[in-house]
Amino acid sequence: MTAAARVTEPDTGDPVDASTRTRVIEAAVACILEEGFYRASSNKIARRAGVTWGVIQYHFGTREKLLVAVNEHGAAEFDAVFANAEIEGDTITERLESLADIIWGYYRRPEFLAYMQLMLNLSHDPTAKDSARVALREVGERFGKHLPRLMRAVLGDEIADGPDFDRLSMLLFTAFRGLALDHEVSDALPVERSVARPEPDPERTMLVEALSAYVENVTRS
């Protein structure tokens, strides 16, 4: 499984400032995971980061702007994982396994559960400022820019650009992302499991095989 890249905040010229911003963002992610979106208060985030609320105000302004910055941090992690990703393999099955590795590298992590809570709640919060909604939309648009290149590497030249290529690309991406998220959510639930999830993941293997057969059938027709 490809490890997710760790991304720091852009260099502001002051390493102390950059380090503090990153620490606060990571504290916000941890608080959202442990407390939930609405219980992750500004004071709890400040305590976890080892700073005062005044320090957070200096770097971000408001709690809402801090959470928008957390969302931007998640998008930067997405860019780091997907921009540098390369599909490997000679067969469609091997290339789909490579694609699954890349998708697992971002979505099969606890951090994404925090980003998901943040996006869902901020985007539906009637009190959220328009600037926050614009920022969320701009971040969301970044998520589609790397997929065409990866999907072309997976599918090869058997399917021309167009609606069929777009639909098949989205099917492959959402199928792997869905299974990754299902496993991550399942692992996060407070229930005891008598047997740990085996490696390699048999459900993922079955999905790769099923999608491989489907793609081969589509490209032959």
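So what J values fall out for the range 37-50 if you push phi through Karplus, 6.51 cos²θ - 1.76 cosθ + 1.60 with θ = phi - 60°, rounded to Hz, Gly and Pro as x? Once θ is set to phi - 60°, the couplings for the range 37-50 become 4, 6, 8, 7, 6, 4, 5, 5, 5, 4, 4, 5, 7, x Hz. With all pairs of separate Cα atoms included, the range 112-221 yields a Kirkwood hydrodynamic radius of 17.0 Å. Shown for VAL55, VAL24: other C-beta atoms within 10 Å of each C-beta, ranked fewest to most, produce the order VAL55, VAL24. Inter-label distance, LEU189 to THR62: 3.7 nm, where each label sits 7 Å from its Cα along the C-beta direction.
For the chain, the longest principal axis of the C-alpha atoms and the axis of helix 110-124 are separated by about 70°. Between the Cα long axis of helix 92-107 and the first principal axis of the chain there is an angle of about 10°, rounded to the nearest 10.
With K and R counted +1 and D and E -1, the other residues having a Cβ less than 15 Å from that of ARG142 yield a net charge of -2. Only lysines eight or more places from LYS145 in sequence, or on another chain, were considered; none has a Cα closer than 19 Å.
Give me the number: length gained by fully extending GLU138 to ARG197, i.e. 0.36 nm times residue separation minus the C-alpha to C-alpha distance, one decimal in nm.
On the way: separation 59, 0.36 × 59 = 21.24 nm, distance 3.61 nm.
Between GLU138 and ARG197, full extension yields an extra 17.6 nm.
Under the simplified labelling scheme, the ALA18-LYS129 pair shows an inter-label distance of 2.6 nm, with each label point 7 Å from Cα along Cα→Cβ. Spatial offset of the range 159-220 relative to the range 86-143 amounts to 15 Å, using the alpha carbon center of each.
Among 29-36, 144-151, sorting by the average number of other beta carbon atoms lying within 10 angstrom of each residue, highest first, gives 29-36, 144-151.
Here's the list of lysines a cross-link from LYS44 could span, going by alpha-carbon distance under 18 Å and ignoring same-chain residues fewer than 8 apart: LYS65. Each peptide in 155-162, 82-89, 112-119 receives the mean, over its residues, of other Cβ atoms within 10 Å, and ordering these scores from highest gives 112-119, 82-89, 155-162.
Just need the relative contact order of the range 43-200 here, percent rounded to a whole number, with Cα pairs under 8 Å and 6+ apart. Please list the in-between numbers first.
Values: 94 pairs, mean separation 45.6, N = 158.
Contact order relative to length: 29 percent.
Summarising the label geometry, the points placed 7 Å from Cα in the beta-carbon direction at LYS44 and GLU209 lie 4.4 nm from one another.
Can you sort THR20, THR127, THR62 from fewest to most other Cβ atoms within 10 Å of each residue's own Cβ? Could you put the intermediate results ahead of the total?
Details: THR20 20, THR127 6, THR62 13.
The fewest-first ordering by Cβ neighbours comes to THR127, THR62, THR20.
Relative to the dominant Cα principal axis of the chain, helix 15-35 is inclined by about 70°. As a proxy for reagent exposure, ranking ASP187, ASP101, ASP90 by other Cβ atoms within 10 Å from fewest up yields ASP90, ASP187, ASP101.
Every number in this text was worked out from the coordinates using simple rules, so none of it is lab data. Note that this is a predicted model, so its numbers are computed, not measured. Note: ideal-geometry Cβ built from the backbone for every residue, glycine included; neighbour counts use all protein chains shown.
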